[in-house]
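For reference, the structure is listed below as structure tokens.
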Amino acid sequence: MISRRRGVTLIAGLLILSVLVSLTTAMVLLGGGNLAGSYQSVQADQAVYAAEAGAWRAAKELALSSSWTPPTTNTTLPATQAQFLVKLYPAGSLTPQGLTVPGGLTYVLSTGAVPSGKTKQVGMMVKTGVGALNYAALTVNSILVDGGSAIDSRDPVTDAVVPNPSSVAVNTPGATIRVDHGSSVAGSAFVGPGASTSLISVGGGASISGSLGSLSGAVPLTPVTLPSDPSLLPPAGATGGATVNFTPGPYGEVTVDGGATLNLAPGTYVFKKLTVTGGGKLAITAGVQIYIQSDLNVNVGSLLNPTKNPNNMKFMVASGTVSINSGGTSYGVFYAPSCPVSLNGNGTIYGNLIGDSLTIDGGSHLHYDPNSTGAGLPGGGTTAVVVSQQTF
């Protein structure tokens, strides 16, 4: 009897053990399947993230320059092996999905890939507009080019005339553009949205080589916001033939005169005011951004930018006036949408002038540099709006 019970107990134990082994095996197999599924899901997510990163990077670049073209090789995301490759399809072209890109839009197709071979794609329809630095000169209100002055488009390094139009525009309907007394604009002229081209006048042997028209909409001009407040800082600068070196940061009212030289290390500066006169020189060796709280008064020949790249010397003026005087040549972008801007006295600038109003007089020259189009500064880029987005 005892032997039979032991036999039954043994059989029951074996059955229970068998069931447990079966359950364990099933759980291992199920767990393995879940792990495999989870791995594939993670890989798919990473590929999507990479594709999204590429698409949004493209949208940002198009906001800085509507003429941007993506790299033809894969871009690897930092701290990861995921990559993306972006292709652009302009208006009127056919996308790989068989869709014709509507007018005024650009289709961005970004392919994300991970080392396992998993790929995902993100498609975006992006609408780009025109930004301030797509013009040689852009103002909120009037533009006057007078006294034998000229606006054209040139390579800042070789001084060769380039075919890009050096167009000018005003944002406000009712604002005027006047080119007079032997002056010239080698490009088109646009008055404010919906305004009549009768607001553009050309006289006294002057000329505008391009077409006359009106803007379809005001060009975005973001007010200058200072990174810091320099209003309570003491005066600074260089005088009496001295050479002074500045490092990036905020300063009070800065004056450079008496044959002195102020060297600016690469980076961002905030000045309460900037005056460069009396043979003083403001010099850079690489890219600087100079924010000014109020008033910029400089002699053109006093701004030394040996790189000859206007994007490397950017002035952003929040208020007051911008006065650029005297003979000489400089390379820079002047962005002051709330300020009247003047260029006088046979001065030459390679770059752009953006202001509330603009006067170019006295045989001065503004040579638009096409490479400054969409340079990164407030209001300097184009607009870019994502109209639609899909992942596949």
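The values are calculated or read from the model by the stated rules, or taken from the named source; none is laboratory data. Given the structure is predicted, the values throughout are model-derived calculations rather than measurements. When we count neighbours, we look across all protein chains shown, and the Cβ atoms used for this are built from the backbone with ideal geometry, even at glycine.
Miscellaneous remarks
- Test: residue in region 223-230 that is buried (at least 21 other Cβ atoms within 10 Å of the Cβ), of a type in the set (Val, Ile, Thr) and outside any strand (DSSP E or B): yes
- Every residue from region 347-357 that is over 15 Å from LEU303 (Cα atoms) and surrounded by fewer than 24 Cβ atoms within 10 Å (Cβ to Cβ): ASP356, SER357
- Any chance SER323 is of a type in the set (Ser, Thr, Tyr), surrounded by 19 or more Cβ atoms within 10 Å (Cβ to Cβ) and modelled with pLDDT of 90 or more: no
- Among the conditions (1) under 23 Å from ASP356 (Cα atoms); (2) in a loop (DSSP other than H, G, I, E, B), the only one that SER198 does not satisfy is (2).
- Wholly within region 247-311, strands (runs of 3 or more DSSP E) carrying at least 1 residues that are over 20 Å from VAL341 (Cβ atoms), more than 24 Å from the chain's Cα centre (by Cα) and free of Cβ contacts under 8 Å to residues at least 40 places away in the same chain: 249-256, 261-264, 281-284
- Among the conditions (1) crowded, with 22+ Cβ neighbours inside 10 Å; (2) touching a Ser or Thr at 6+ places or on another chain (Cβ under 6 Å); (3) more than 14 Å from THR261 (Cα to Cα), the only one that SER294 does not satisfy is (1).
- Every residue from region 111-141 that is of a type in the set (S, T, N, Q) and surrounded by fewer than 19 Cβ atoms within 10 Å (Cβ to Cβ): SER116, THR119, ASN141
- Boolean, LEU366 is at pLDDT 95 or above, among the aliphatic types (A, V, I, L, M) and more than 23 Å from the chain's Cα centre (by Cα): no
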